[in-house]
Amino acid sequence: MKTHLIVFTRLPEPGNTKTRLIPAIGAEHAALLQQRLTARTLDAARSFQQQVASTVEVQYTGGDAAAMQAMFGDDIRFVPQHEGDLGARLHHAIESAFRAEADRVVVIGADCPQLDAQTLTEANRQLLAHDIVIGPAEDGGYYLIGLTSPQASLFTDIAWGTSEVLAQTLRKVDALPVRCKLLPPLADIDHPEDLVRCRQWPQLIDGILPSRVANRLSIVIPTLNEAERLADTLHTVQRHAADPDNVEVIVADGGSDDATTEIAQQCQAKVAACRKGRGIQLNAGAALACGEYLLFLHADAQLPQGYDAAIREVLHRSAIAGAFRLRIDHDTPGLRIVASLANLRSKLLQRPYGDQGLFLRSQTFFEMGGFRNWPLMEDFELVQRLGRRGKIKLAETAMTVSARRWQKRGVMHTTCLNQAIVLAWRMGVSPERLAQWYRGKPAAST
């Protein structure tokens, strides 16, 4: 029995490849990253071919076979993709492979650095007992699909390039008399926030993303229309640093239509333009950081004097991560209680949230794959993962945050809402739905 492995990719040309990454890293670097991702994928394909009776074929767009061979080697067959949308091209490739007497066909993309020969071997093994195997991508698409026969319906009426691809495909699978197996989800590299994943493989991002600078602190601030408060926050960052020359600030902006980005640039902060969503923005900013340490800061927070020295001191005490004690900028009995309870929770349960200035070593953050690209609960979930790996400690000093959230809704209402959101998340409600409940507007906003 023979497996036909097809790799879908394109010739890495600046300006025509990984265009959604161009605002973050430029056209030349986006093309170079695509070249490295494709080469990594083809290495996995070659290793798979050594283990399983199979043929490997690359179907490409852009350029010609000679250009692809010059870049990736002549030991693999390169074929231009068929015309039409992605669904039409996938169906044509799969049908052609079966007509050439393949017993199983597996199609993969070339932008998933976690995809290795072991994953391909497992997909092939599952096709011995299943009719369809799908590798879900974390962005709502899929990085792999394997079949034992052509299934044209899986590739029609799909919103290609959206987060609905996997869900729509699975609904079509459910309508067929087939057995389907899902592989573990993996991350594609399509948007600036996905670059965090590439940090796990230095060979992919060498010369593309900033190299780590020893002892440097990188502060990532997600923003959306924060012109009113951002300048004060950035000035405090500069004034209160024990070693301001060893601090960089990255403002990850989700599309502000006020003066937020202009203020950030005037204050010498690096601006990372990205999609809206707290987890998305935090990851996009962190991907461009060069610090040995990372601090995630809200745009309305005021750091204490010597905060950078405090961060290093905490992390040098065998802590995997840390946060500041919470202080709220309006001194009322209700808000004093809120801050006290937050500090007690953080100390006893090791569960500080984002408005306390979560900090950790960048190597730890990148090894863990960063935040989930969620609009809410991304900090809660990361702290849970961190807590399973080590201690999360509080700095001796407090960070002051704005009372605007509590003032807008009331202390009791805000506190109850926060606890209800945590409970609902534990019960399995999606972060997107929770964000809609919390903000009363589309979940992607910050």
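The values are calculated or read from the model by the stated rules, or taken from the named source; none is laboratory data. Everything numeric here is computed off the predicted structure, so don't read it as measured data. For neighbour counting, all protein chains shown are included, and Cβ atoms are generated from backbone atoms with ideal geometry for every residue, glycine included.
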*Could you pull out every one of the helices (runs of 4 or more DSSP H) wholly within segment 147-241 that has 2 or more residues that are in contact with a strand residue (DSSP E or B) (Cβ under 8 Å, 6 or more places away or on another chain)?*
165-174, 227-239
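Which is surrounded by 19 or more Cβ atoms within 10 Å (Cβ to Cβ) and over 21 Å from GLY84 (Cα atoms), of ALA67, ALA44? Break it down stepwise before answering.
Working: ALA67 fails: surrounded by 19 or more Cβ atoms within 10 Å (Cβ to Cβ).
On inspection, the qualifying residue turns out to be ALA44.
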*Report, by residue number, each residue of segment 345-386 that is in a helix (DSSP H, G or I) and modelled with pLDDT under 90.*
ARG345, SER346, LYS347, LEU348, LEU349, GLY354, ASP355
*List every residue pair whose Cβ atoms sit under 6 Å apart, with the two residues 6 or more apart in sequence or on different chains, where the first one lies in segment 185-199 and is closer than 22 Å to ILE145 by Cβ and the second, anywhere, is in a helix (DSSP H, G or I).*
ALA187/ARG197; ASP190/ARG20; HIS191/ARG20
*Spot the failing condition for ALA252; the list is (1) closer than 26 Å to ALA395 by Cα; (2) out of contact with any Pro (no Cβ under 9 Å at 6 or more places or on another chain); (3) without any contact (Cβ under 8 Å) to a residue 40 or more places away in the chain, and only one is missed.*
(2)
*asked:* Going residue by residue through segment 56-63, is there one that turns out to be at pLDDT below 95 and not assigned by TED's automatic domain parsing to the domain that holds GLN281?
replied: yes
*Yes or no: LEU360 closer than 30 Å to GLY291 by Cβ, within 20 Å of the chain's Cα centre (by Cα), assigned by TED's automatic domain parsing to the domain that holds ARG312 and not β-branched (Val, Ile, Thr)?*
yes
*Report, by residue number, each residue of segment 409-436 that is under 15 Å from ARG278 (Cβ atoms) and touching a residue at least 12 places away in the same chain (Cβ under 8 Å).*
ILE421, TRP425, PRO431, GLU432, LEU434, ALA435
*Taking only segment 399-413 into account, find how many residues are farther than 29 Å from GLY306 by Cα and among the aliphatic types (A, V, I, L, M).*
2
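Conditions (1) touching a residue at least 12 places away in the same chain (Cβ under 8 Å); (2) assigned to a loop (DSSP other than H, G, I, E, B); (3) among the aliphatic types (A, V, I, L, M); (4) within 22 Å of TRP160 (Cα to Cα), marked per residue:
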residue	(1), (2), (3), (4)
GLY15	yes, yes, no, yes
ARG36	yes, no, no, no
ARG40	yes, no, no, no
PHE78	yes, no, no, no
HIS91	yes, no, no, yes
ILE94	yes, no, yes, yes
*Hey, any hits in segment 130-143 for a residue that's closer than 18 Å to ASP111 by Cβ and part of a helix (DSSP H, G or I)?*
no
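Would you check if ALA123 is closer than 25 Å to GLN35 by Cβ, assigned to a helix (DSSP H, G or I) and touching a strand residue (DSSP E or B) at 6+ places or on another chain (Cβ under 8 Å)?
Values: closer than 25 Å to GLN35 by Cβ: yes; assigned to a helix (DSSP H, G or I): yes; touching a strand residue (DSSP E or B) at 6+ places or on another chain (Cβ under 8 Å): yes.
Answer is yes for this residue.
Being touching a residue at least 60 places away in the same chain (Cβ under 8 Å), closer than 26 Å to VAL196 by Cα and not small (Gly, Ala, Ser) narrows it down to one residue among LEU382, LEU376; which is it?
Numbers: LEU382 fails: touching a residue at least 60 places away in the same chain (Cβ under 8 Å).
After ruling out the rest, the residue left standing is LEU376.
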*Residue that is surrounded by the fewest Cβ atoms within 10 Å (Cβ to Cβ) [pool: residues in segment 125-158 that are of a type in the set (D, E, K, R) and over 22 Å from ALA44 (Cβ atoms)]*: ASP157
*Just one of LEU42, LEU5, LEU21, LEU37 is modelled with pLDDT of 95 or more, farther than 30 Å from LEU127 by Cα and either of a type outside the set (Val, Ile, Thr) or more than 19 Å from the chain's Cα centre (by Cα) (or both); which is it?*
LEU21
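Taking GLY15 as the residue in question, decide whether it is in contact with a Lys or Arg (Cβ under 7 Å, 6 or more places away or on another chain) and surrounded by fewer than 22 Cβ atoms within 10 Å (Cβ to Cβ).
Details: in contact with a Lys or Arg (Cβ under 7 Å, 6 or more places away or on another chain): no; surrounded by fewer than 22 Cβ atoms within 10 Å (Cβ to Cβ): yes.
For GLY15, the condition - in contact with a Lys or Arg (Cβ under 7 Å, 6 or more places away or on another chain) and surrounded by fewer than 22 Cβ atoms within 10 Å (Cβ to Cβ) - is not met.
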_All positions within segment 249-270 that are surrounded by fewer than 20 Cβ atoms within 10 Å (Cβ to Cβ), within 24 Å of the chain's Cα centre (by Cα) and closer than 13 Å to ILE219 by Cα_ = LYS270
*State all residues of segment 1-37 that are within 26 Å of PRO150 (Cβ to Cβ) and touching a helix residue (DSSP H, G or I) at 6+ places or on another chain (Cβ under 8 Å); if no residue qualifies, say none.*
THR3, HIS4, LEU5, ILE6, VAL7, PHE8, THR9, ARG10
